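Asks: Input: one structure, supplied below.
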Amino acid sequence: MKAVLMFSGQGSQYQGMCLDLYEKYECVRNIFHQADEILGYSIKEIMFHDEALLNETVHTQVAMFTMYAAILEVLKEKGLEFHYSMGLSLGEYGALLHNEVFHFETGLKLLQKRGILMQDCSSKVSGKMSAILGLDADILETIIESVDGYVKIANYNTYGQLVISGESEPVLKVNELALEKGAKRAILLNTSGPFHTVLMKQASDELGLYLEDIHLQEPKYNLLVNTTGDYYHGEIKNELVEQITSSVKFYQMIEKLTEDGVDTFIEIGPKKTLCSFVKKVDRKLMTLNIEDISSLDATLQELEE
């Protein structure tokens, strides 16, 4: 067995996530207490009791990161070590934490800043995101090229599940043409902005300025990154800045890992969205997840066998 940790992206959060792990594990409670001190408010209260606040970008990003960190602490306590990691968009920060690029406090402050910058930028630009189901990327690219205005493929989630992002009217036009060309569905997403496009450039530029004063380590393990769909090589700060405006090449990361013999994909975070993407790339791959006590126990049992 050769396993990779995959960290869930924004949008999979739900009220009460991580609660039973918090109740059972002291190491999880310690992470939450640290988070509350660093943030200056109780992320625990928001995660467990306030769905509306949890769904605001400024809180979602730090809440998800706190959950990643808490589960990583449990895995450390169990004596487990993993040599590959990756994440979907925001989830890349979980992979960076696993790779010891930064400590929990630095990562949390970084995401607190990122969330504020992205929310602020989103309030100033008009745009939409839409999931296009059942259409190949090359056909979708041809449609995008035929439409006036700015649209791009923002997420290559899996074969036949792509996300477009851009200016509102062009996105709606691509939806219409995609359905005409055989897409099964075109679903507008409930996002606060046109993420992973140049429309978010203000946020990426300001994140770059913030990162100038932060020291980051080189990844300890094998890290795959969203911007290329390949192993990290280059400059970690550039990756974080470019990630905000670049497409997420998720299925390309899965392909790269399977080429290298990785056969077990463990999703860290709420729900099992990434597991479903992996299965659509190759049904033979093993998928496991950790979001609560029952999924943790099932994953541990599978890893022991």
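The values are calculated or read from the model by the stated rules, or taken from the named source; none is laboratory data. It should be emphasised that the depicted structure is a prediction, and the values quoted were computed from it without experimental measurement. Counting neighbours? That spans all protein chains shown, and the Cβs are built from the backbone with ideal geometry, glycine included. Heavy atoms of the whole protein, side chains included, go into the accessibility calculation; ligands, DNA and RNA do not. Shrake-Rupley method; radii C 1.70, N 1.55, O 1.52, S 1.80 Å.
Asks: Within segment 186-200, can you find the residues that are out of contact with any helix residue (DSSP H, G or I) (no Cβ under 8 Å at 6 or more places or on another chain) and open to solvent by 80 Å² or more (accessible area, probe 1.4 Å)?
Replies: Asn190, Val198
Asks: Within segment 285-305, restricting attention to residues that are open to solvent by 30 Å² or more (accessible area, probe 1.4 Å) and without any contact (Cβ under 8 Å) to a residue 12 or more places away in the chain, which residue is farthest from Val74 (Cα to Cα)?
Replies: Glu305
Conditions tested, residue by residue: (1) closer than 28 Å to Tyr231 by Cβ; (2) of a type in the set (Ser, Thr, Tyr); (3) free of Cβ contacts under 8 Å to residues at least 12 places away in the same chain.
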| position | (1), (2), (3) |
| --- | --- |
| Ser42 | no, yes, yes |
| Met64 | yes, no, no |
| Ala70 | yes, no, no |
| Ser89 | yes, yes, no |
| Leu96 | yes, no, no |
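Asks: Related question: May I ask you to list pairs of residues, at least six apart or on different chains, whose Cβ atoms are under 9 Å apart, with the first in segment 135-147 being touching a residue at least 60 places away in the same chain (Cβ under 8 Å) and under 16 Å from Glu167 (Cβ atoms) and the second being aliphatic (A, V, I, L, M) and open to solvent by less than 20 Å² (accessible area, probe 1.4 Å)?
Replies: none
Asks: Another question, if that's okay. Among residues belonging to segment 54-98 that are in a helix (DSSP H, G or I) and among the aromatic types (Phe, Trp, Tyr), point out the one that is surrounded by the most Cβ atoms within 10 Å (Cβ to Cβ).
Replies: If we take residues in segment 54-98 being in a helix (DSSP H, G or I) and among the aromatic types (Phe, Trp, Tyr), then Phe65 is surrounded by the most Cβ atoms within 10 Å (Cβ to Cβ).
Asks: In addition: Restricting attention to segment 40-53, report how many residues are open to solvent by less than 40 Å² (accessible area, probe 1.4 Å) and closer than 17 Å to Gln10 by Cβ.
Replies: Adding up the residues that qualify gives 3.
Asks: Being open to solvent by 10 Å² or more (accessible area, probe 1.4 Å), under 26 Å from Gln13 (Cα atoms) and assigned to a loop (DSSP other than H, G, I, E, B) is the filter here; which residues of segment 230-275 pass it?
Replies: Thr245, Ser246, Ser247, Lys249, Lys271, Lys272
Asks: Which of the residues spanning segment 1-40 are without any contact (Cβ under 8 Å) to a residue 40 or more places away in the chain and either closer than 18 Å to His98 by Cβ or not in a helix (DSSP H, G or I) (or both)?
Replies: Correct list: Gln15, Gly16, Gly40.
Asks: Looking at segment 109-130, can you tell me whether even one residue there is open to solvent by 10 Å² or more (accessible area, probe 1.4 Å), more than 18 Å from Met200 (Cα to Cα), at pLDDT 95 or above and in a loop (DSSP other than H, G, I, E, B)?
Replies: no
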